[in-house]
Every structure is written in structure tokens, then in C-alpha cells.
Amino acid sequence: MDDNHIVEIRELVKRYPVGGGHFTALRDVTTDVVVGEFTGLVGPSGSGKTTLLNIIGGLDAPSEGSVTVLDMPLGGKNHKELAHLRREGIGFIFQTFNLLPVYTVFENVEFPLLLMGMNGEDRRSAVNQALEWVDLMDKVKSRPAQLSGGECQRVAIARAIVKKPKLIIADEPTANLDAENSHNVMGLMVNLNRELSTSFMFATHDEKVMGYLTRIIHLIDGRIDEDEQVSKPKYREGK
Amino acid sequence: MLRFLIKGVFRDRSRSLFSIIVITLIVALTVLIRGFMAGIFDDVFRQSAVIFAGHVKVTTRAYAEESDLLPNDLAILGSDSLVAALSEEYPDMFWTPRILFAGLLDIPDEQGETKEQGPMMGFGLDLHSPGSRMVEIWELERKLTRGRLPERPAEVLLGETYAHRLGVEPGDVATFIGASMYGGFVTYNFHVAGTVSLGITGIDKNMLIADLRGVRMALDMQDAAGEIVGYSHDMFYDDEGSVALAVNFNEHVPNPENEFSLVMQALRDHTQMGAMVDISEYAIGLVLFIFMAVTVVVLWNMGLMNGLRRYGEFGMRLAMGETKGHVYRTTLGEAVVIGIAGSFIGTAVALPLVWYLQEIGLDYTGLFEGMTFVLSSIIRARITPDCYYLGFIPGVLATVAGTMLSGRGIYKREMSQLFKELELEA
């Protein structure tokens, strides 16, 4: 695997059994993601965006072809090895935030570090740093129910970034946000992308998100229809 | 990590409060039922121990073999010093000599001729020694139906039905006709001080209770006793302890082959009492098992509801790299914590109630005023040593078992559906 590559996908096919036959969600997908890329998977519903994110995130297995993420070939890996990959190397941002309602902002961000077994002092320092990045130090002791949607998504970003993963997978991260919060959240991710060279992979329909992407992979019926490098993203410099 | 999760458990009231309340109730009920059943069975054991067998009983070996015949010619000699020795050697029990005897009771008329006569079963009890608890444990004051308790050695109590059949009133003379310890013919005049009703037909119909001193005089049994019975100070029968005590005593008896050597028997060694003790333990075990099974089902259901409520949380945790095994184990860890908390509170709630029922009891005499009771009119519970930990069995094990059953869903979860389940639809 090329040192610069975070993800390498070769001739990926994904089929799901349907009735007596099967449905092919991804066909012959070959692509790479390099360090620091801000990539979006776009396409209509059923085009295979989530399936591709699932496979890259180690949540699903390819039917054919090979996928290597962070130097780990995913073929034949068991549940524990895939969980380890996600725990150590991948951050997730969900559409509906999925914060733990009974925990404070600090504790929600702390959770991935607990899974990694990090000691208390390092944890506190990492969480504070992550919350500073997303400008939520004044909400440390708040519970998710006390936050706005934008603030919740910023907590989710802090939670994804706190372990400083090389890759962050975000599926429709702005779907539940208004325009202003969408731009705030995306601006935040752009900054993290720049400062930490974290690679981002989005699945999105949102034009606002697309305006920040440096690379857009168009999927149609499970195939890569177009792989577009964006030299001047619409919002990236301005916002 | 566990501390983090426990924090979550106690903050999420629907996860902790409801569960703890349910477990507390179940544990409290378990401990109460255990204490209550122990008390009820103990009441049965107490009656058998008081009237027939003691918690343990020392006799000569020959007497034990023919005890149905009340063979006082095989009685223990030097019984007073033996009681003192037993009291010193086994201070956890109190020891008392007694003589069971049988014969005829003759009721004379004014001319001294026989008016009525009937077979008699006599209990010679130590009623008057300082510190004697016979009046107390036989509940003679409560069971007295006419007259008063004996105050002198020659005064006796008769069973109410027996006295009625013989036409005897308190103050009358009743002549015992029987055999002395040495086989000689004996007549002895007792004075009827009062009548009692133990509520046991087979005993009441021909029972005589006399002070041990009077019986010794009547039967020529000075410093002798048919049997020496031992009772625990709290009058609760400890089967294991009593059997161990008997085994220990019998191991140290010199010349065990001699027919006059001493032998100790526990309550369970008497006819059918062993079966009764076993039945009581099975019954308690069965009730606890049923409780445990019900608890598992209730907590299984509760776990399923919690699992549904926390579906998103589990999905998020799996997506973030927690293994299914770790999620499963942490839910079990939470169940243990909730189980312990509920069990602790439940036990703490139940024990004072059991203690109250043990010390004070529920007196339902007022409900049946004027009636003769077969059983004790006070229902008592009993704090057994297992009351302190028994509730933890359904409280913790059932909680964990319920969580284990409901938590299996974590392993069935399709990882590839996580994004969809987390409401992500691309």
C-alpha cells in the first residue's frame, strides 16, 4: 500500500442476497483515498454510498475485490480485528449525532478514549483539546438535551476527532442542521482537515457539504460514474 | 470504563430506578418469605421439640431403643450433675431433665372410692428450679384453661379434655397408679392445680404435667431422669448444628456398647421429624426457586425493554469500535451493580420486618377470642443466617440471567445495518 494512501479499493463488488438471487450494491469499484483528502460520495438513494462507507468502516465485508484501510486488508478479518480498526483509526459522525443522553458533553467526548484504554490524565487533556477545537469549552458539563442541534453535532465531531484518527467517516452530517449550523459544522471539519491532515469521507446529498469537498466521487447504481477533483470548492475558502 | 458505565446507569433513572425498585421488592419478598417460612416451620419444630424430643435429647442407649415404652428403669442416674456438665460443655443450649411416665389416674369420690379412672401420659418437667424455662416454652400460662399453675411438687396440671372426661376440678385429688423406676407398684396422690389445653387432641385427652420433684418422689427416681433435653436459647431449631452437636457428643461417649451409656439424638432423629426437616428445606428451596424463575422472567423482559431503548446507544458503541463481547459484558457488569444495589436495599428493607416478626410477632389472638388454639396464636418469622445473603441470589443472579438472555440480541446485530439503524439513510 502506498504510504500516502489511507484507503485502497480494488475491483470491489458487494452483493446482498435477495430472495433466491442477489442484489449488487457495488460493482467493480476501484479507487484510493489519500491522506488529508476531503472526499464526498454523492449519488441518488440506492447508489451504494452507505454500502461503500460501511465497507471502508469495517462494518460490512466485500463480496469480491480487496479493500485496505490504514494498511489493514479487510478481507477475512474477524469482528474483533475490525472493531480494533474502528476504535483506533476511524472516527464516525452520524446524521443524528447519537450522543449518549445521560452523559455530559465532556463524558461523551471521553467515551472513545475509554474504549482505547487511555489513562485519566491523557484523556482529560485530549478531551479538553477536542472541545476547544469545536469551541464547546463552556458546555463541558451540559447534557445533550441542553444543547442545540449544531452544538450536538459539534460534540459528535469532537468525539470523532478526540482520538486523532486518520480517517473520519461522516454520513449526511448536516442532514439535521439548518443552513447556518451546516456551514459552521463543515467549517469546523475543514479546519480539522487542514490542521490535523485528517482524511474525511462523506456520504451526502447536501449541496452545502459538496461545496466544501476537494474530491467528489459520483456513484450511480453501485459504480463510480465520475471521480472529480475540485480545485476550488465553493465554500471552502470563503466560509 | 466500568465506572463510566455505572455513572450512566445511575443517571438514567429508567434504567436504574425502575430496575432497582423491582429487584428491591423481589429481594425483600424473598427475604420476608424465607424468614416467615423459617418461622412457621420453626413453630412446628418448636412444638415437637417442646413436647417430644428437644432440639437434642440425651438418654441411655437402652432407653433410646425402647423409648416408646417409656422405660424409666433405663433412666439416667446422676442426672443433675449431667445437666450441669452439659451446660458447661455446650453452653449454646440450655439443658433440662424430664421424666415421661405412664400409668392410671384414679379419681376418688368423697369416700375415697374410685369415681373415675383412665390411662394417663405424664410429663415430669422442671417447673420450679430457678431459671427454668419450662413454663415459658410450654406456654403454660397462655394455655391454662382453669385453675392455676402448680406451685408445689405434688401439684399437677391435667389436659382439659382429660379433666373433663374424668370429672376433675382444680383442687381435686388424682391418684397416680403405676410402676416405680425399680419396677415396684406405686400409688401417689397428686393435687390438680389447673387444666391446660395444648391443642393437640392425642396429648390433651390423657395428659398430666407435673413438677419434676413430684414425679421423682412418685416414681422413686431421685437424681434420675428419663431424658435430658437441650434447647437452643432462642428456641430456633438449627438442624445442622444440632446434628453436629449430637455427633460430637456421641463420639466422646465412653463405652458406647454399654446399654447404659449415654446417647444424644437430634430432633431430626425422631420419628418422621427428619422427613419434616427435609420437607421444610425443600419447600423453602422450591419457593425460592419459583421466585428466582419469576424474577428471571421479569428481569429478562425488563432487559429486553432496556435493550430496545438502548438500541441506538449499543449501535453507536459498536460503530465506534467496541466489540460485541465488550458491549455484552458491560451490560452484565451493569446488571451486577444494579442487582447488588437492589439486593442490598431489599435485604435492608426486609430484615427489620423479619426481625419485628421474630421478636414481636403477629398476635392474632384477638381474632379468635375464647377459642382454644391448636397452634401458637403468634405468628413469628425468624432471621436465619441465610436471610443476610439469600436475597442476593435472585437479586443478582436473576438480574444477570435476565440480562444474559435479553443481551443475546447484541450478538445477533447486523453490523452492516448500523448506519441505517442509526437513522442514516444515504
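Things to note:
- Of all positions in region A:178-196, none carries a residue that is within 12 Å of chain B (Cβ to nearest Cβ), of a type outside the set (S, T, N, Q) and farther than 24 Å from A:Val34 by Cβ.
- Listed by position, the helices (runs of 4 or more DSSP H) contained in region B:1-119 that have at least 3 residues being within 14 Å of chain A (Cβ to nearest Cβ) are B:2-11, B:13-48.
- Candidates in region B:180-196 are the residues that are surrounded by fewer than 22 Cβ atoms within 10 Å (Cβ to Cβ) and touching a helix residue (DSSP H, G or I) at 6+ places or on another chain (Cβ under 8 Å); of these, the one that is nearest to B:Pro108 (Cα to Cα) is B:Tyr188.
- Long-range neighbours under 6 Å by Cβ, at least six apart or interchain, first residue over 30 Å from B:Val296 (Cα atoms) within region B:27-53, second surrounded by 22 or more Cβ atoms within 10 Å (Cβ to Cβ): B:Phe45/B:Tyr237; B:Ala49/B:His55; B:Ala49/B:Leu267; B:Ala53/B:Leu267
- Across region A:141-192, the qualifying residues are those that are modelled with pLDDT under 90 and polar (S, T, N, Q), and the one among them that is surrounded by the fewest Cβ atoms within 10 Å (Cβ to Cβ) is A:Asn191.
- A:Phe94 meets each of the listed conditions (1) under 14 Å from the mean Cα position of the chain (by Cα); (2) farther than 30 Å from A:Val34 by Cα; (3) aromatic (Phe, Trp, Tyr) apart from (2).
- Some residue of region A:199-220 being surrounded by 20 or more Cβ atoms within 10 Å (Cβ to Cβ), touching a Gly at 6+ places or on another chain (Cβ under 8 Å), polar (S, T, N, Q) and within 30 Å of A:Arg124 (Cα to Cα): yes
- A Cβ distance below 6 Å, combined with a sequence gap of six or more or placement on separate chains, defines the contacts here; from region B:103-130, residues that are free of Cβ contacts under 8 Å to residues at least 12 places away in the same chain reach residues that are surrounded by 20 or more Cβ atoms within 10 Å (Cβ to Cβ) and assigned to a strand (DSSP E or B) in the pairs B:Thr114/B:Asp106.
- Test: residue in region B:123-132 that is buried (at least 16 other Cβ atoms within 10 Å of the Cβ), assigned to a strand (DSSP E or B), within 29 Å of the chain's Cα centre (by Cα) and among the hydrophobic types (A, V, I, L, M, F, W, C): yes
- Annotation note: of A:Glu132, A:Glu107, A:Glu81, the sole residue that is acidic (Asp, Glu), away from chain B (no Cβ under 14 Å) and more than 14 Å from the chain's Cα centre (by Cα) is A:Glu132.
- Taking the criterion of being in contact (Cβ under 8 Å) with a residue 24 or more places away in the chain and at the interface with another protein chain (Cβ under 10 Å from one of its Cβ atoms), the residues of region B:311-326 that qualify are B:Gly312, B:Gly315, B:Met316, B:Leu318, B:Ala319, B:Lys324.
- Filtering region A:47-78 to residues that are on the phi > 0 side of the Ramachandran plot and more than 10 Å from chain B (Cβ to nearest Cβ) leaves A:Gly65, A:Leu70, A:Asp71, A:Gly76.
The values are calculated or read from the model by the stated rules, or taken from the named source; none is laboratory data. Just so it is clear, the model here is predicted, and its values are computed rather than measured. Cβ: placed from backbone, ideal geometry, glycine included. Neighbour counts: every protein chain shown.
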